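Just below is one structure, and these are the notes that go with it.
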């Protein structure tokens, strides 16, 4: 009965590879997000989708491409991974400004 | 543009002592305000939120926060710290006029609880 789930939890890969992170929410929320938490714990919004429509793209390199096949899913694909992409990526969902529910995070390590 | 400032990257208290974590925001209109807690290697859990009802907001685990418009503050308090409260705490703001409701986070405060 997990509210927001992400897979995988850990991802270790080489520079230059392409990888995807999947997110699903069963809360019936209309809006989903991707946030990035860097090594200093700083959290920053990357993307937001509302009912499958992209509404926020916060100057993220175009190597990052989100996809929302339906309003319960928001996946993140990353091309040509770089060392600086190493971080924890959190998926979240919300409904009408009531606060966001976060997934457990995906720790990406690029070697 | 909205912003959030959390004073003190680390706060250390003794078990049983008062916890006070400070948060100030910058916004042209009163925003929605949130406190989240993050335990090691876990996601963020919503502690409490202010969305324009009562200015004193009670949350989970005995925490509360008071919205003070005149001071643009939303400090988090707990009367008596437990060892289990040791975690990273994030204050966040959301623009009520932005339909995306995206969160702008502060830099976080690590709470250490001494036995």
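The values are calculated or read from the model by the stated rules, or taken from the named source; none is laboratory data. Keep in mind that this is a model prediction, so the values were computed, not measured. When we count neighbours, we look across all protein chains shown, and the Cβ atoms used for this are built from the backbone with ideal geometry, even at glycine.
Conditions: (1) crowded, with 17+ Cβ neighbours inside 10 Å; (2) over 26 Å from residue A:87 (Cβ atoms); (3) touching a residue at least 24 places away in the same chain (Cβ under 8 Å). Residue B:47 meets all but one. Number of the miss? Result: residue B:47 fails condition (2) only.
If the condition is being within 17 Å of residue B:46 (Cα to Cα) and either in a strand (DSSP E or B) or at pLDDT 95 or above (or both), then the range B:23-35 contributes B:23, B:32, B:33, B:34, B:35.
For residue A:50, the criteria (1) touching a residue at least 24 places away in the same chain (Cβ under 8 Å); (2) surrounded by 15 or more Cβ atoms within 10 Å (Cβ to Cβ) hold in every case but one, which is (1). Number of residues in the range A:63-105 that are part of a strand (DSSP E or B), touching a residue at least 60 places away in the same chain (Cβ under 8 Å) and within 14 Å of another protein chain (Cβ to nearest Cβ): the value is 8. Of all residues in the range B:7-22, those being in contact with a strand residue (DSSP E or B) (Cβ under 6 Å, 6 or more places away or on another chain) and modelled with pLDDT under 95 number 1. Restricting A:79, A:75, A:57 to those that are under 11 Å from the mean Cα position of the chain (by Cα) and farther than 25 Å from residue B:51 by Cβ reduces the list to A:75. Among the residues of the range B:82-96, is there at least one that is within 11 Å of another protein chain (Cβ to nearest Cβ) and more than 15 Å from the chain's Cα centre (by Cα)? Yes: one or more hits. Taking the numbered list (1) assigned to a strand (DSSP E or B); (2) more than 28 Å from residue B:3 (Cα to Cα) in turn, residue A:35 passes all entries but (2). Total residues in the range A:38-62 satisfying the condition of being within 7 Å of another protein chain (Cβ to nearest Cβ) and not in a strand (DSSP E or B): the figure is 2. With respect to residue B:111, determine if the residue is part of a strand (DSSP E or B) and within 14 Å of another protein chain (Cβ to nearest Cβ). So residue B:111 fits the description; yes. The requirement of being under 11 Å from the mean Cα position of the chain (by Cα), buried (at least 19 other Cβ atoms within 10 Å of the Cβ), within 12 Å of chain A (Cβ to nearest Cβ) and within 26 Å of residue A:9 (Cα to Cα) is fulfilled somewhere in the range B:24-35, by at least one residue.
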